[in-house]
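Accompanying notes for the structure given below.
No lab work stands behind these numbers, since they all come straight from the coordinates. Just so we're clear, the structure is a prediction, and the values are computed from it rather than from any experiment. With ideal geometry, Cβ positions are generated from the backbone for all residues, glycine too; neighbour counts draw on all protein chains shown.
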Amino acid sequence: MTEQMQFQGTAVIPPGLEACGAEELSALGATDVKALHRAVGFRTDLAGFYRLQLQARLPFRLLRQLAVFPCRHREELYAGVQRSVDWSEWLPPELSFRVDASGSLPGLTHSHYSALQVKNALVDWQRERWGERSSVDLDNPDLSIHVHLGGGQARLSVDGSGESLHRRGYRPRMGLAPLKENLAAGLIRLTGWDGSVPLADPLCGSGTLLIEAACMALGRAPGLDHRFALERWPDFNGQLWTQALEQAGQSERQQLADGRPLAAVMGLELDGEVADQARANAEAAGVGDAISIQSGDFRSFQPPEGPGVLVCNPPYGERIGDRDALEPLYADLGRMVKERCSGWDFWLLSGNPELTGALKMKASRRIPVSNGGIDCRWLHYAIH
């Protein structure tokens, strides 16, 4: 990558997965990678940025920084926005846009008003330049602008992802409390599972943990079916984009990277209709042949011989199920794991410490993560 063509970027990451996200972006070729709060900062060039958009599993979105300028109050924000970027190139009046803001300044402590100030600066500039202005489109804008305020400066970026990257396209928007795909990918990454030992989810629901695990082990790029906002940018490079798409497609394989076969990946789901949906999701994700999902009760789970990894996101009474009714479920789950899964690693996503107490097991690791705004722990139990 040539130095003059590099730019600063920001990946928006689920809380608790920042270090994991930094590792992933580094592995995909980003440089100067730094874990931040709910984000990862990095440097790359256009080819690298395209690769990250298509292949990174953990970000919600990837932003490209256009400008940083000193900003201590509203007037400096307004003036800085107008002069820091060539808006004649990035935002001609026929394009729609939206503005999102984070952080704060004295006199600008609410993100809505910060975004409004940026929007006003842009449309005033356009009117002065062309006598007309862009329309604001909150749902599907041609250009999505992000401004972050803090430390006496404003950082102005554009979002290359469009719709959130966690939407892989393999499952319908469904379920009462579905686990987001990028969070599921991060949780699997935290287990260290590499496809060489069996992976099982005895309460698999719509199959997201298993699907993300199989996609990761078989190199299936998450962004191949995604439509990206960066394709509408003024400096979009079709040749580099085609190369990035080809590279992402070629990373997919039928076995592990070292040539070994993928170990068994299996799920159990009590609700037959949900199990059918999980199988359909796995098929849509391109890993239907790699995952076995059975209709059945977790209490009847029989693990394969030898070591393996058990993952689980049981209901925690926050949204689904009554807490009193859930205690016996957790007690039975703990009993089954201790009786049958000797030599396995058990990982459970807990949003309720009272319920996990019913497992009667002691966690060796407790990793804080956020699942849909619920403060959770990704708990690790080594089963002896």
| Quick one: which of His112, His73 is exposed (fewer than 14 other Cβ atoms within 10 Å of the Cβ) and under 27 Å from the mean Cα position of the chain (by Cα)? | His112
| query | For the range 211-252, what are the residues that are closer than 25 Å to Gln294 by Cα and either of a type in the set (Val, Ile, Thr) or touching a Gly at 6+ places or on another chain (Cβ under 7 Å) (or both)? | reply | Ile211, Ala217, Arg220
| Breaking point among (1) of a type in the set (Lys, Arg); (2) under 23 Å from Ala39 (Cβ atoms); (3) buried (at least 22 other Cβ atoms within 10 Å of the Cβ), for Lys180 | (3)
| Would you pick out the residues in the range 121-131 that are in a helix (DSSP H, G or I), more than 10 Å from Val81 (Cα to Cα) and not acidic (Asp, Glu)? | Val123, Gln126, Arg127, Arg129, Trp130
| query | Just to be sure, is Pro93 under 20 Å from Arg227 (Cβ atoms) and of a type outside the set (Lys, Arg)? | reply | no
| said: Can you tell me which condition Phe97 does not meet? The list is (1) in contact (Cβ under 8 Å) with a residue 40 or more places away in the chain; (2) closer than 15 Å to Ala121 by Cβ; (3) loosely packed, with under 15 Cβ neighbours inside 10 Å, and all the others hold. | reply: (3)
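Let's see how each residue does on (1) assigned to a strand (DSSP E or B); (2) buried (at least 19 other Cβ atoms within 10 Å of the Cβ); (3) on the phi < 0 side of the Ramachandran plot; (4) out of contact with any Lys or Arg (no Cβ under 7 Å at 6 or more places or on another chain):
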| position | (1), (2), (3), (4) |
| --- | --- |
| Glu24 | no, yes, yes, no |
| Asp32 | yes, no, no, no |
| Phe42 | yes, yes, yes, yes |
| Leu54 | no, yes, yes, yes |
| Leu63 | yes, yes, yes, yes |
| remark: Scanning the range 66-89 residue by residue, the ones that are in contact with a Phe, Trp or Tyr (Cβ under 9 Å, 6 or more places away or on another chain) and either hydroxyl-bearing (Ser, Thr, Tyr) or more than 17 Å from Ala115 (Cβ to Cβ) (or both) total 3
| task | Please work out if Leu190 is more than 23 Å from Ser161 (Cα to Cα) and touching a residue at least 40 places away in the same chain (Cβ under 8 Å). | result | yes
| field | Any pair with Cβ under 7 angstrom, 6 or more apart, that starts in the range 227-239 at a residue that is under 22 Å from Asp139 (Cβ atoms) and ends at one that is among the aliphatic types (A, V, I, L, M) and part of a loop (DSSP other than H, G, I, E, B) | value | none
| field | Enumeration of residues in the range 350-384 that are in contact with a Pro (Cβ under 9 Å, 6 or more places away or on another chain) and among the hydrophobic types (A, V, I, L, M, F, W, C) | value | Leu355, Ala358, Val369, Cys376, Trp378
| task | Take the residues in the range 340-384 that are touching a Ser or Thr at 6+ places or on another chain (Cβ under 8 Å) and of a type in the set (S, T, N, Q), then tell me which one is nearest to Leu187 (Cα to Cα). | result | Ser350
| message | Condition check: within 25 Å of the chain's Cα centre (by Cα) and free of Cβ contacts under 8 Å to residues at least 40 places away in the same chain. Does Asn371 satisfy that? | response | no
| note | Flagged in the range 144-199 as touching a Phe, Trp or Tyr at 6+ places or on another chain (Cβ under 6 Å), hydroxyl-bearing (Ser, Thr, Tyr) and not in a loop (DSSP other than H, G, I, E, B), in numbering order, are Thr191
| field | 3 or more residues surrounded by 14 or more Cβ atoms within 10 Å (Cβ to Cβ) and more than 19 Å from the chain's Cα centre (by Cα): qualifying strands (runs of 3 or more DSSP E) within the range 204-316 | value | 265-269, 291-295
